[in-house]
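*Asks:* Sharing a structure below in structure tokens format, with a few things to ask.
The values are calculated or read from the model by the stated rules, or taken from the named source; none is laboratory data. This one's a predicted model, so the numbers in the text were calculated from it and none came from an experiment. Positions of Cβ are generated from backbone atoms using ideal geometry, with glycine treated the same way; all protein chains shown enter the neighbour counts.
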């Protein structure tokens, strides 16, 4: 039976950041040199902020498409009061609000928010990886701001990593020059380098290198699943949080041969067939080439270094880093229009799509995503788009860790729709469900950094609960805490698995979607066997 919870509305506090009046800039000593940050006060808590810290050498020139190298040391005190450049990317998403100044290939910077009274290096640490399809994003985005989490006693870090063609190009020549006979996944190697930097330096900011939680949304969540699977990341984190996304089917990474073949087609298309010619291009020229050749999408592969086999196989054989895991997805991750190419969402059109996409397995899909009326077809189509887009991969990650891991798993279903916008367009309606990426501001306590939406008391209640769950997990390895609806770890009950539905009335339920995910898993695995 579901546990209903009525919000008390006692914690509707605006998060406001102001410059602190303390005269001296906070300082921190890292392995590369001394840093001078800036002071801030958030919700009455004094914080130290260190922005734009280089954690690796600039990946330019001969270091383009090389694993990240150590950051060079500097003399004197380096100013760390402004965000570093964002990594090279096309302007793909209109909801990304960057605070960095410009874009450059020299972009491997991270940012730290810490309580000002830190001593002894014993505070828990959150390292957050942004989303953006491995082709966009930046650690300066307002929704990832670390100040609110820092007020909870958590040293919070956001990390830049190389994107798109700069971060994920594989090439036979790169493979040949690699001691590990690997190429690709440079963006993921950047993340690993950042975690190594955190292990070596975070005590200088009050953080405990033995209490690091890695987290991320979308591509960042997929990255977290990859770090749990990668041997390179062992010993660099103690807990993991995934928000919508995993490197599991249908988002499993292809092998290196496929990545190399994609690069060779791209290089031929732009008339730069050799790696020397590609390296000789300016960053702007290379980025513009990806704009023109827009059918080439560079992302994670089984490169032979960061990943030596599919992450799903790693979890199936219990070779993953087995740490407490908190993860989930949103109620409306996808839209029916993505499947039907903007055709009317009728039962007829939807059934035609399912038959075309799944062939002999169409009946099994329609049994779980039915279309007995146009209204039902629209909901089923939206659910199927949600699962194929990202929710099903997240469910598989949860299921395999629950089945084959020893550490506990907490699984959520985020269902709070965003409210109306402050300046609604005529005819505009709020989303019926929680769309992809909608939970970020709620989870990190950053509603007030997003001025697009007219946040309500229900939104602030939801944010308080979700951020508290996250903070408790980061601090204690368990999301539960005083004043919160109880959240049991994943367990079998009533023919399904327990999950926490998070919205204005957060509650525990038996996952009603287990059957549809199991059916979809079976269909996807059958397709994979037929393609072998």
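*Asks:* Take the residues in the stretch 391-409 that are surrounded by fewer than 24 Cβ atoms within 10 Å (Cβ to Cβ) and in contact with a strand residue (DSSP E or B) (Cβ under 9 Å, 6 or more places away or on another chain); name whichever of them is nearest to residue 237 (Cα to Cα).
*Replies:* 407
*Asks:* Related question: Return the total of residues in the stretch 306-320 being out of contact with any helix residue (DSSP H, G or I) (no Cβ under 7 Å at 6 or more places or on another chain) and in a loop (DSSP other than H, G, I, E, B).
*Replies:* Final tally of qualifying residues: 5.
*Asks:* Residue check, residue 481 against (1) without any contact (Cβ under 8 Å) to a residue 40 or more places away in the chain; (2) closer than 26 Å to residue 237 by Cβ; (3) surrounded by 16 or more Cβ atoms within 10 Å (Cβ to Cβ), all met but one. Which one?
*Replies:* It fails just one condition, (3).
*Asks:* Taking residue 77 as the residue in question, decide whether it is closer than 26 Å to residue 147 by Cα, in contact (Cβ under 8 Å) with a residue 24 or more places away in the chain, surrounded by fewer than 14 Cβ atoms within 10 Å (Cβ to Cβ) and not assigned by TED's automatic domain parsing to the domain that holds residue 450.
*Replies:* In short, yes.
*Asks:* Let me ask something else. Could you check the stretch 429-453 and list, in sequence order, the residues that are farther than 22 Å from residue 486 by Cα, assigned to a loop (DSSP other than H, G, I, E, B) and in contact with a helix residue (DSSP H, G or I) (Cβ under 6 Å, 6 or more places away or on another chain)?
*Replies:* 446, 450
*Asks:* Condition check: touching a residue at least 40 places away in the same chain (Cβ under 8 Å) and assigned to a loop (DSSP other than H, G, I, E, B). Does residue 69 satisfy that?
*Replies:* no
*Asks:* Another question about this same structure. Counting only residues that are in a helix (DSSP H, G or I), over 21 Å from the mean Cα position of the chain (by Cα) and closer than 25 Å to residue 319 by Cβ, how many does the stretch 357-410 have?
*Replies:* Residues flagged as in a helix (DSSP H, G or I), over 21 Å from the mean Cα position of the chain (by Cα) and closer than 25 Å to residue 319 by Cβ within the stretch 357-410 amount to 2.
*Asks:* What pairs can you find where one residue is in the stretch 197-226 and not assigned by TED's automatic domain parsing to the domain that holds residue 123 and buried (at least 24 other Cβ atoms within 10 Å of the Cβ), the other is at pLDDT below 95 and in a helix (DSSP H, G or I), and their Cβ atoms are less than 7 Å apart, with a gap of 6+ or different chains?
*Replies:* Listed pairs, sorted by first residue: none to list.
*Asks:* While we're looking at this one, here's another question. May I ask you to list the residues in the stretch 136-193 that are free of Cβ contacts under 8 Å to residues at least 24 places away in the same chain and assigned to a loop (DSSP other than H, G, I, E, B)?
*Replies:* Across the stretch 136-193, the qualifying residue is only 179.
*Asks:* On to the next question. List every residue pair whose Cβ atoms sit under 9 Å apart, with the two residues 6 or more apart in sequence or on different chains, where the first one lies in the stretch 378-396 and is free of Cβ contacts under 8 Å to residues at least 12 places away in the same chain and not assigned by TED's automatic domain parsing to the domain that holds residue 340 and the second, anywhere, is in a helix (DSSP H, G or I) and surrounded by fewer than 24 Cβ atoms within 10 Å (Cβ to Cβ).
*Replies:* Matching pairs, first to second residue: none at all.
*Asks:* Which of the residues belonging to the stretch 236-262 are under 18 Å from the mean Cα position of the chain (by Cα) and buried (at least 24 other Cβ atoms within 10 Å of the Cβ)?
*Replies:* 237, 240, 241, 242, 243, 244, 245, 246, 247, 248, 253
*Asks:* Does residue 443 satisfy being in the same structural domain as residue 349 (by TED's automatic domain parsing) and surrounded by fewer than 16 Cβ atoms within 10 Å (Cβ to Cβ)?
*Replies:* No, not satisfied.
*Asks:* Can you tell me which of (1) touching a helix residue (DSSP H, G or I) at 6+ places or on another chain (Cβ under 9 Å); (2) more than 14 Å from residue 190 (Cβ to Cβ); (3) part of a loop (DSSP other than H, G, I, E, B) is the one residue 105 doesn't meet?
*Replies:* It fails just one condition, (2).
*Asks:* Quick test for you: out of 485, 512, 426, pick the one residue that is in a loop (DSSP other than H, G, I, E, B), over 28 Å from residue 133 (Cα atoms), at pLDDT below 95 and not assigned by TED's automatic domain parsing to the domain that holds residue 242.
*Replies:* Only one candidate passes the filter, namely 426.
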